[in-house]
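Student: Below you'll find the structure I mean.
Please treat every number below as a calculation from the coordinates, not as lab data. Here the structure is a predicted model, which means the values were calculated and not measured. Please note: Cβ atoms are built from the backbone with ideal geometry, for glycine as well, and neighbour counts cover all protein chains shown.
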Amino acid sequence: MEPGSEIQRLLDLMPASGRMRTKIVSKPQQPLVIDSPFPLPWAQDRPIFINFDLWGRLPKPQRDLLLLRTVSWLTEIRWFKPDLYQGLVVGGVFGTFVELIQGDAVGVIVAGGLSALAGSQIWRSYRSSQSEVDADQVAIGVALRRGYSEAEAAAHLLGAIESVAKIEGRAGLNFTELIRCQNLRAIAGFSSVGIPDAMKRE
């Protein structure tokens with residue numbers, strides 16, 4: 001597979017928000033088919049690293065859904081939005097600066113601790129199974145505008161998750177992937193059993 005032409009095809013597939021906020025990078029040395037580090041608040045780019053030698057082993061529909069899913073996950077992570085924890089982070093950072101200026105060591109510790117606690121809650125929420133399942137749902141929504149039906153998109157994403165594990169030589173799927181697969185089976189019509197909300201929050 002020629003990376004340049006495939007990157008261009010994937011860029012055309014992406015929604016506009018994905019093209020603006022993410023960047024596809026060829027990384028032939030990585031053992032993973034596709035990888036994207038968790039974006040930190042100060043990071044300008046949100047890179048998506050693809051090993052195109054491994055990527056080419058997937059059928060085109062699976063590649064499409066896997067890319068859309070990765071883009072959806074990345075663009076859904078918003079460190080700065082009107083929200084309780086984001087407000088606490090901003091308030092904690094502001095309070096830390098004020099206490100530093102005033103030379104109040106206890107105040108600095110309290111305000112800094114508040115920021116760290118709120119930041120860790122944001123981090124955990126975006127690393128939860130619910131966040132992963134939500135990214136799948138968003139990707140399927142984008143795929144509908146690219147000519148896939150909901151059932152087709154879910155089936156292709158399900159196939160991609162299972163294929164990637166085999167290509168990467170993993171013994172099996174992890175807990176979150178198993179939850180995602182069960183949810184996708186229900187959407188694709190392969191199973192009448194969805195996943196409980198309590199499991200999504202794990």
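Student: Once both labels are modelled 7 Å past Cα along the beta-carbon direction, what's the residue 12-residue 25 spacing in nm?
Tutor: Taking the simple label geometry, residue 12 and residue 25 are separated by 2.6 nm.
Student: Rounded, prolate or oblate: which fits region 125-179 when a ≥ b ≥ c are the square roots of the eigenvalues of the alpha-carbon gyration tensor, with rounded for a/c under 1.5 and prolate only if a/b beats b/c? It would help to have the intermediate numbers written out before the result.
Tutor: Working: a/c = 2.86, a/b = 1.31, b/c = 2.19.
Cα axes put region 125-179 in the oblate bin.
Student: If you filter region 17-66 for chymotrypsin sites (Phe, Trp or Tyr not before Pro), then keep DSSP loop positions with at most 14 other Cβ within 10 Å, what is left? Let's see the in-between values first.
Tutor: Details: sites: 42, 49, 52, 55; in loops: 42.
Hits after loop and neighbour filter: 42.
Student: Taking the Cβ of residue 48 as the centre, find all other residues whose Cβ is under 13 Å away and add up their charges (Lys, Arg: +1; Asp, Glu: -1).
Tutor: Working: positive: 19, 21, 23, 27, 46, 63, 69; negative: 6, 35, 45.
Here the charged neighbours net out to +4.
Student: In addition: What is the calculated FRET efficiency for residue 190 to residue 42, with r their C-beta to C-beta distance and R₀ = 45 Å, to the nearest 0.05?
Tutor: Values: r = 42 Å, r/R0 = 0.93.
Approximately 0.60, to the nearest 0.05.
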